[in-house]
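We did not get these values from a lab; they are worked out from the coordinates using the rules stated. These numbers come from a predicted model, not from an experiment. Cβ coordinates were reconstructed from backbone atoms using ideal geometry, including for glycine residues, and neighbour counts include every protein chain displayed.
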Amino acid sequence: MENIARKVDLGEIIVVSRLFKLNTYQMVTLLENGSMEVFDHKEDFLKKYGKKDVYVEFEDWCELNTGKVFTKLK
């Protein structure tokens, strides 16, 4: 289990959980279980998944104005 506190802060968890329609506990659980990924930079996200119009491997994803990208895997 990864220590998510080093990767995301509470404000990001609140914002993204609202966007994904999750409560904060659900989001933290998804992050800990690896069902959600966090990329510090969009370039890291693009390196792994490439640039596409539609990402079928995700249930949802978002990019914050800080540059972090959150993905919720199917």
*Inside segment 42-74, can you point out the residues that are among the aromatic types (F, W, Y) and closer than 20 Å to N23 by Cα?*
F58, W61, F70
*Residue match in segment 8-23 (condition: on the phi < 0 side of the Ramachandran plot, part of a helix (DSSP H, G or I) and small (G, A, S))*: yes
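For segment 27-41, which positions are more than 11 Å from the chain's Cα centre (by Cα) and either over 16 Å from S17 (Cα atoms) or surrounded by 13 or more Cβ atoms within 10 Å (Cβ to Cβ) (or both)?
Correct list: T29, E32, H41.
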*Scan segment 26-74 for residues that are assigned to a loop (DSSP other than H, G, I, E, B) and either under 21 Å from N3 (Cα atoms) or touching a residue at least 40 places away in the same chain (Cβ under 8 Å) (or both) and report the count.*
8
